[in-house]
Amino acid sequence: MIRNYFKIALRNLLKHKLLTGINLFGLIIGTVSCLIILIYVLNQTGYDQHFDHAENIYRIETVNGRGDKPSFNTATTSPPIAPALKSDFPEVSEMTRIVLTDLFNVNLIRASLEVDGYYEPRAYLADSTVFKIFQFHFIEGSPIGALNSPNQTVLSATLAKKLFGNKSVVGKTVIWGSGAEAQTLTITGVFDDESTKSHLNPNYFVSMTTPGMGEFVSTFQNFATNNFVYSYIKLIPDADAQNLQEKLPSFIQKHGKKQLENAGMVDKKLFLKKITDIHLYSEGRDNQIGTVSNIKYLYFLLALAFFIQLVACINFINLSTARANQRAKEIGVRKVVGAGKGSLIRQFLSESLLLSLIAMLISIPIAILLLPLVNELTLGSLSYLNIFNWKVLVLLLSISTLTGLLAGIYPAIILSSIKPIQVLKSAVQIQSGNGMFRKALVVFQFVISISLIVSVIIITQQFKYTQSKDLGFNKENMVALRAGTSDVTSKYDAIKSNFLNIPGVVSVASGRYAPFETVLNDNGMYLPGKNPQDLTIVRRNGVSKDYFNTMNIDLLQGRDFNATDDNQIIVNKATLKSFNIPEDKALSTILLQTHDEVVYEYPIVGVVDDYHFTTLKDEIVPLFLHLDNEPNWVFVKFKTDDYKQLVSNLESTWKKNIDTAPFTYVFVDKEVENLYAQEQRLSKICTVFTFLAILISCLGLFGLVSYYAEQKKKEIGIRKVLGASVQTVVKLLTKDFVVLVIIAFVIATPLAYLAMHNWLENFTYRIDISVWVFILAGIGALLIALITVSFQAIKAAIANPINSLRTE
Amino acid sequence: MIQITNLEKFYRTEEVQTIALNKLSFEVKKGEFVAIMGPSGCGKSTLLNILGLLDDPDGGSFKFNGEEVAGYNERKRSELRKHNVGFVFQSFNLIDELTVFENVELPLIYTGVKPAERVKRVEEVLEKMQIMHRRNHFPQQLSGGQQQRVAVARAVVNNPKLILADEPTGNLDSTNGNEVMDLLIDLNEAGTTIIMVTHSEHDAKYSHRIIRMLDGQKVTENILI
């Protein structure tokens, strides 16, 4: 029986090539989209789950302040919190702390003093217990005791290979940092970084007890401040995390009541975060270690795949029910010779299943071919191995089966309900299915298409806006060179004057943070005479003289820094607003900060206009700048079109002066653009899916109008014989579809508006949604639909009526 | 074998009610060959649909093999039909996507006959209908006469007790028509009851008895043998 079902299904598919082509094309596009999004989503899930008892591992996170906008909300804590948790609570079986060395810029690493080094990101200072909680697979050495002593390091296999080639490296040393601060680290292990899916994504670990920042973290005992440490704890099996969470407020009060008061952080709260949730559920928490994704983004992609597949299913449903006439005789005969409704439903379902399974088989190689493009779009590293994974294949098979059933069930019920006496005797036209239902489905397809068109336009507009908005500083014609070594610090003046001699260089300055980096440092400050515990958090960036001039940041009042400045600061307008300082009083104002019961004074010597030192998603917050001689970046403003020559000149000058730090540069405008890479990717992904949705919808419409014209052949013939013009006939065939698109437009408009309004809420600085976007999308959809329908309509209208009347 | 008493069937549209069968009564015995004649619209086809268990009467009694079947639901009718009734249509009604062999095999599939047995029985009946050499052809590749022979083969492959033929020669020339009638005679002689609706006096003469209808009623009944 099944064989018979599939045999006739296959013959039917081959016989109706246009229909099969339309259905198959739609289903292939839908299935390829599902498959690619499926492997992408699966690749984004399952982070950190391979660690032993991952469900018992938590990161401690910190929120300070009340209400909707806390003064900070960070994935980190103060240094002593994790060790104190372990000693206070028996249910905490282990703890470890990680410090991102990027923060203090000592991630320059090299195999020996004689070779060039690399600025390697994701370098972590870690407690010796790190491998007790996070089991990385060691290729060389052993995790036991690997970071027990000062100046020990464990490298990723990738970094070990980069530094030493394919040699065995355990026992060898590396130089970490440069100049006077350089330290020698002994390699105690190499771990496999390719097979580990963790939010940590480490490049190398350095023992926390190594002199420098690690020592500070190990000994610092303030529970309020210096929230830059990633703290992890592991609970004993069956421990109640919720219970522990409830004990945290009293814990922090017990250890740090006074310190919290002094730091103005009495509202500081600690939260336990499951490590398995970090990668996808960290929205709103700042200072993530590495790049995290967002579950919303994955849901959005899954929804896109679902809609594309749904649009393809609708084609199948519409085209199958529309051509019920053609199959009526077959159904009648089958019923007469003994087929029951059930067996006919099974037969029609096997046709839709066969089609969706064929689509699945064709989709796999297409998806593999598309993977390089997908990786380019998502910055991912998906390979065919992600597809040939039992989980993916089972899911894909389930999706295809479900698609087949979803697409087939309605036509199957409709077709199997045809009564044999209606069809066997005469050539009567039978009404198959509800015409309204078919129309509703077409409307639904166009609701999806129009909503997607609107979304694409708005996302693209917002992206363009972020690109063109005046950020308050100049990002064009600017190179940023990595500095961050004591060698560069000591030779900065020489480098600057040498750079200024290079043709095309306009000005040179330096800073701790580049304009494309989020400024993480901050001070809690207050005004003289005010409550020292009522603090305003002011972000902090250290810069050189000429910084404002180089960056084209408007100095509204006061002066630039000079060499004798110490605690003098220049603030942005947001700071004045936040402290309620009148503009004319700004230059006579001093901001205060208390640290370890010592009061520090910061006189304001200048005010700059607000500029975007974080992304446009965030509001411009208070910021102060101070003179700093330990830059992480050297900025070179230039005026030349010969970038190649400029970079080459900069490099040779750099190398003449600096032998401890490699010449590494980026163009500032490119880096600023990268801040919005996710939006750019979203815009591209949306465009692709919109195109696909419209394409499938139009193909469906094309198929539908072909059958519609076929059904109306006799009517058209009679009308033409009676004198109807081609124009009237085309109108007859197209007007219904035009109405459907208009209805879809009316439904899609509020839906798309709400969705896009919601999305734009993510941006503090955003475009206004213009009514023209909707009009454009509506007209666009209507035009596309009209072109599709007209093709068949004109064909039907110009046909000779004699032929259609004779065949009746 | 068939006993109908006061059988009624109406067709209703929103405004008009048409009487297709008006208190029709007759009986057909096992092994009989009955022809039903009458002008278009007299209710012949409606009667055939009811006798073939494709449709349900609106009134009266219909006994099939002594069993009252008027009022049976679609599932029960279908069950009874597939084991007892074979159909031959004027327009053959073969499935275009299936070969000759597959068309004839179809009733056996729906009655759950095992594949090996199916092959045997289909081949037997194709031999009998002298169409074996065309077993792998599709309907469009056959002449009208050949198509009707396939349709007859399909009707008899399940060894039904009753064959209903609705103008079986209506689309055939006289030579092919006679061949089909000869086939029906052979089947009848082998014991199958046949009820045939026809416009052709020539074909009707092959039967044992002619029932003539007008406006949903029986007007005359001629016994030929």
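The values are calculated or read from the model by the stated rules, or taken from the named source; none is laboratory data. Please read all numbers here as calculations on a predicted model, not as lab measurements. As a convention, Cβ positions derive from the backbone with ideal geometry for all residues, glycine included, and neighbour counts pool all protein chains shown.
Structure values in brief
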item	result
Residue under evaluation A:Asp534, criteria (1) under 23 Å from A:Thr614 (Cα atoms); (2) surrounded by fewer than 17 Cβ atoms within 10 Å (Cβ to Cβ), criterion not met	(1)
Residues of the range A:42-58 satisfying the condition of being of a type in the set (Gly, Ala, Ser) and assigned to a loop (DSSP other than H, G, I, E, B)	A:Gly46
Number of the exception - A:Val130 against (1) under 15 Å from A:Val99 (Cβ atoms); (2) at pLDDT below 95	(2)
A:Pro237 vs. criteria at pLDDT 90 or above, part of a loop (DSSP other than H, G, I, E, B) and surrounded by fewer than 22 Cβ atoms within 10 Å (Cβ to Cβ)	yes
Subset of the range B:12-62 (residues that are crowded, with 16+ Cβ neighbours inside 10 Å, at positive phi and within 14 Å of another protein chain (Cβ to nearest Cβ))	B:Gly43, B:Leu53
Residue match in the range A:707-728 (condition: under 16 Å from A:Phe444 (Cβ atoms), in contact (Cβ under 8 Å) with a residue 24 or more places away in the chain and part of a helix (DSSP H, G or I))	no
Residues located in the range A:716-739, provided they are at pLDDT 85 or above and more than 52 Å from the chain's Cα centre (by Cα)	none
Residue tally, condition in a strand (DSSP E or B) and either more than 23 Å from the chain's Cα centre (by Cα) or at pLDDT 90 or above (or both), over the range B:11-20	3
Condition check for B:Thr5: more than 14 Å from chain A (Cβ to nearest Cβ), part of a strand (DSSP E or B), surrounded by fewer than 18 Cβ atoms within 10 Å (Cβ to Cβ) and out of contact with any Ser or Thr (no Cβ under 9 Å at 6 or more places or on another chain)	no
Residue in the range B:173-196 that is within 14 Å of chain A (Cβ to nearest Cβ), surrounded by fewer than 21 Cβ atoms within 10 Å (Cβ to Cβ) and farther than 28 Å from A:Ser343 by Cα present	no
Residue that is surrounded by the fewest Cβ atoms within 10 Å (Cβ to Cβ), among those in the range B:93-102 that are in contact with a Leu (Cβ under 8 Å, 6 or more places away or on another chain) and facing another protein chain (nearest Cβ under 7 Å)	B:Leu98
Residue in the range A:279-298 that is among the aromatic types (Phe, Trp, Tyr), more than 30 Å from A:Met525 (Cβ to Cβ) and more than 14 Å from chain B (Cβ to nearest Cβ) present	yes
Residue in the range B:79-89 that is farthest from the other protein chains (Cβ to nearest Cβ), counting only those that are in contact (Cβ under 8 Å) with a residue 60 or more places away in the chain and not in a strand (DSSP E or B)	B:Asn84
Among (1) in a helix (DSSP H, G or I); (2) over 27 Å from B:Lys30 (Cα atoms); (3) within 14 Å of chain A (Cβ to nearest Cβ), the one test that B:Gly145 misses	(3)
Residues of the range B:33-63 classified as outside any loop (DSSP other than H, G, I, E, B), of a type in the set (Gly, Ala, Ser) and more than 12 Å from the chain's Cα centre (by Cα), total	3
Checking A:Ala752 against (1) exposed (fewer than 15 other Cβ atoms within 10 Å of the Cβ); (2) closer than 22 Å to A:Ile694 by Cα, the condition it does not meet	(1)
Residues of the range A:740-770 classified as more than 28 Å from the chain's Cα centre (by Cα) and under 15 Å from A:Ile458 (Cβ atoms), total	0
Any hit, the range A:355-364, residues being surrounded by fewer than 21 Cβ atoms within 10 Å (Cβ to Cβ), without any contact (Cβ under 8 Å) to a residue 60 or more places away in the chain, assigned to a helix (DSSP H, G or I) and not hydroxyl-bearing (Ser, Thr, Tyr)	yes
Qualifying positions in the range A:336-346 - in a helix (DSSP H, G or I) and either more than 14 Å from chain B (Cβ to nearest Cβ) or buried (at least 24 other Cβ atoms within 10 Å of the Cβ) (or both)	A:Val336
The range A:675-706 - residue that is buried (at least 20 other Cβ atoms within 10 Å of the Cβ) and modelled with pLDDT under 80 and, of those, nearest to A:Asn318 (Cα to Cα)	A:Leu682
Residue match in the range A:77-99 (condition: of a type in the set (Gly, Ala, Ser), more than 14 Å from chain B (Cβ to nearest Cβ) and touching a Lys or Arg at 6+ places or on another chain (Cβ under 8 Å))	yes
Among residues of the range B:106-118, those that are at the interface with chain A (Cβ under 10 Å from one of its Cβ atoms) and surrounded by 19 or more Cβ atoms within 10 Å (Cβ to Cβ), counted	5
Search result, residues across the range A:92-145 that are closer than 17 Å to A:Ile60 by Cβ, free of Cβ contacts under 8 Å to residues at least 40 places away in the same chain and crowded, with 22+ Cβ neighbours inside 10 Å	none
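One line per residue, one yes/no per condition, for (1) in contact (Cβ under 8 Å) with a residue 12 or more places away in the chain; (2) more than 26 Å from the chain's Cα centre (by Cα); (3) within 20 Å of A:Ile144 (Cβ to Cβ); (4) surrounded by 22 or more Cβ atoms within 10 Å (Cβ to Cβ):
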{"site": "A:Ser178", "(1), (2), (3), (4)": "yes, yes, no, yes"}
{"site": "A:Ala182", "(1), (2), (3), (4)": "yes, yes, no, no"}
{"site": "A:Leu185", "(1), (2), (3), (4)": "yes, yes, yes, yes"}
{"site": "A:Gly189", "(1), (2), (3), (4)": "yes, yes, yes, yes"}
{"site": "A:Ser198", "(1), (2), (3), (4)": "yes, no, yes, no"}
{"site": "A:Asn201", "(1), (2), (3), (4)": "yes, no, no, no"}
{"site": "A:Val206", "(1), (2), (3), (4)": "yes, yes, yes, yes"}
{"site": "A:Gly212", "(1), (2), (3), (4)": "yes, yes, no, no"}
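Yes or no, residue by residue, for (1) among the acidic types (Asp, Glu); (2) closer than 25 Å to A:Asp127 by Cα; (3) surrounded by 14 or more Cβ atoms within 10 Å (Cβ to Cβ):
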{"site": "A:Gln221", "(1), (2), (3)": "no, yes, no"}
{"site": "A:Asn227", "(1), (2), (3)": "no, yes, yes"}
{"site": "A:Asn243", "(1), (2), (3)": "no, no, no"}
{"site": "A:Leu248", "(1), (2), (3)": "no, yes, yes"}
{"site": "A:Lys254", "(1), (2), (3)": "no, yes, no"}
{"site": "A:Lys257", "(1), (2), (3)": "no, no, no"}
{"site": "A:Glu261", "(1), (2), (3)": "yes, no, no"}
{"site": "A:Phe271", "(1), (2), (3)": "no, yes, yes"}
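Results for (1) touching a residue at least 40 places away in the same chain (Cβ under 8 Å); (2) within 11 Å of chain A (Cβ to nearest Cβ); (3) part of a helix (DSSP H, G or I), shown as yes or no for each residue.
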residue: B:Gly71; (1), (2), (3): no, no, no
residue: B:Arg77; (1), (2), (3): no, yes, yes
residue: B:Ser91; (1), (2), (3): yes, yes, no
residue: B:Val104; (1), (2), (3): yes, yes, yes
residue: B:Lys120; (1), (2), (3): no, no, yes
residue: B:Glu123; (1), (2), (3): no, no, yes
residue: B:Asn136; (1), (2), (3): no, no, no
